[in-house]
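One structure is given below, encoded as structure tokens.
The values are calculated or read from the model by the stated rules, or taken from the named source; none is laboratory data. All values reported here derive from a predicted model rather than from experimental measurement. FYI the Cβ positions are ideal-geometry reconstructions off the backbone, even for glycines, and counts take in every protein chain you see.
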Amino acid sequence: MICPNCSAENRPGARFCAKCGASLMTETVAWTPPSPVESPHFPSSPPPPPPPLVSVSAGPVQVEKRYPVLRVLSVVYKVLGGIVGGLTLLAAIAFCVAGFAGSAAFEDLGIFPSLGGAIGGLVAGFVLLLYGGFIAITLYAGGEFVSLLISIEENIRTLTQK
């Protein structure tokens with residue numbers, strides 16, 4: 001294909017000249033902008049932006065830490081949850097070991113007299129693990145819930161001070 005502008009030889013199917021960059025298309029369609037009569041519903045200038053609803057300051061807002069008793073209660077609940085969880089795990093292991101050691105321990109204590117031996121120890125350990133685990137998770141979740149409520153209150157105060 002020969003360029004009509006500089007007469008350079010170009011590869012077949014090329015859209016632009018490799019030497020001068022002129023268009024090699026044989027047919028060109030000129031673009032014309034739409035007349036103002038065609039689109040009367042568009043405003044001449046965009047409307048001004050709405051004012052901001054919340055003014056944003058440049059730095060973080062310091063809020064005073066309130067509710068020290070609730071903060072301590074939250075930590076106490078979390079620590080109690082950890083202690084109960086640890087003791088539950090130790091007791092469940094002890095029941096399993098005692099069950100494997102022999103059924104005499106369960107028969108003497110009157111715990112699961114019909115289930116003796118290893119099966120009785122495993123069942124008792126599993127039940128204790130479920131119950132104690134539920135109590136431990138509930139205590140820890142209670143501490144986290146108190147912390148969540150305190151954080152929500154602080155965030156609301158922060159937003160109102162900005």
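Quick grid of which residues meet (1) at pLDDT 70 or above; (2) not in a loop (DSSP other than H, G, I, E, B):
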{"site": "Gly21", "(1), (2)": "yes, no"}
{"site": "Ser39", "(1), (2)": "no, no"}
{"site": "Gln62", "(1), (2)": "yes, no"}
{"site": "Arg71", "(1), (2)": "yes, yes"}
{"site": "Ser74", "(1), (2)": "yes, yes"}
{"site": "Thr88", "(1), (2)": "yes, yes"}
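Scan the range 114-137 and tell me whether some residue there is at pLDDT 90 or above and under 30 Å from Val63 (Cβ atoms). No: the range 114-137 contains no residue that is at pLDDT 90 or above and under 30 Å from Val63 (Cβ atoms).
Checking the structure you have, find out if any residue of the range 145-153 is surrounded by fewer than 16 Cβ atoms within 10 Å (Cβ to Cβ), modelled with pLDDT under 95 and on the phi > 0 side of the Ramachandran plot. Taking every residue of the range 145-153 in turn, none turns out to be surrounded by fewer than 16 Cβ atoms within 10 Å (Cβ to Cβ), modelled with pLDDT under 95 and on the phi > 0 side of the Ramachandran plot.
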